[in-house]
Amino acid sequence: MARQRGCATGEACMRGQLEDGGQGNVCFAGECDVVAQNCAAGSRCTYVSQGNVTSRRCVPASTGTVDEGGNCQSIATTEGDFYDTCKAGLACTASPTSGGGTAPYTCKRFCHGGDQCAAPSDCVEVMHFTGSNELPRVCGAPGASCDVLTQGCTSPLGCYPSPKSGSVCVTAGTLADGQPCTYSNDCGPGSACVKDGVGLVCREMCRAPSGSPACSSGRCEPLQDFPGVGVCVP
């Protein structure tokens, strides 16, 4: 979704909740884009909740005063709107700790792809909002490292190659081999999203140049920047 292709003007491409309960890339209409920050001067784009509905809206930039990494909170307006105190392009969110609890709420950067995050962060944390099917991402700590050829991540996670973080455990996708994709974890565990001509498709991973796991069909072509790992191509 870093490329933001395939959506109409006024729509943003992001992870979303599907009608069947799964997740996938969806074009969502909204007043603004939280990454592009395309509101008029003096405003910022953020998620605003009112009652049981949450949507992307432009609010006064002066309401966001907290820098990235700073502690933040939600504020309420006299009109019944709720939104956070982070500066433009940031979201107020808590992260789980190793002990199973949650860390204090801090401002993290909205992102469509890892190139919008400062190292060592990656575009991996997913936010959930009441009354919205949108699942925007923010920059956060990379997932646990893993071996893409043996997997080993705890369900519902899968092991996928990440250009920025190496191989990490993230939420597993469901797309079958040969289907168009955007992120590696759009694909089912054991597959990755790779270039195929002018587009991106899911391809089964294999040990390159040979070994186990081998391709169930086709040939194993090395995956750039991941020694010993390849993908199966027809």
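Below is a table of values for the structure above.
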item	result
Euclidean distance of C-alpha centroids, the range 55-69 and the range 182-221, integer Å	40
Accessible area of the chain belonging to carbon and sulfur atoms, whole % at 1.4 Å probe	52
Integer Hz, Karplus 6.51/-1.76/1.60 couplings in order for the range 202-208, x for Gly and Pro	7, 9, 4, 8, 8, 8, 10
Cα→Cβ-extended label distance, 7 Å offset, between residue 68 and residue 18, nm	3.2
Vicinal HN-Hα couplings computed from phi for the range 185-191 (Karplus, 6.51 cos²θ - 1.76 cosθ + 1.60; Hz; Gly/Pro x)	7, 6, 7, x, x, x, 10
Distance between modelled label sites at residue 88 and residue 126, nm, 7 Å Cα→Cβ extension	3.0
Kirkwood Rh in Å, taken over the range 86-187 so that all alpha-carbon pairs contribute	14.7
Contour minus Cα-Cα distance for residue 207 and residue 79 (0.36 nm per residue)	40.3 nm
Accessible area in square angstrom per residue, the chain, 1.4 angstrom probe	51
Size descriptor, Kirkwood hydrodynamic radius, that averages inverse alpha-carbon separations across the chain, Å	19.0
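The values are calculated or read from the model by the stated rules, or taken from the named source; none is laboratory data. Here the structure is a predicted model, which is why all the values come from computation and not from measurement. Every residue, glycine among them, receives a Cβ derived from its backbone with ideal geometry; neighbour counts consider all protein chains shown. Side chains included, ligands, DNA and RNA excluded: accessible areas come from the protein's heavy atoms. Shrake-Rupley method; radii C 1.70, N 1.55, O 1.52, S 1.80 Å.
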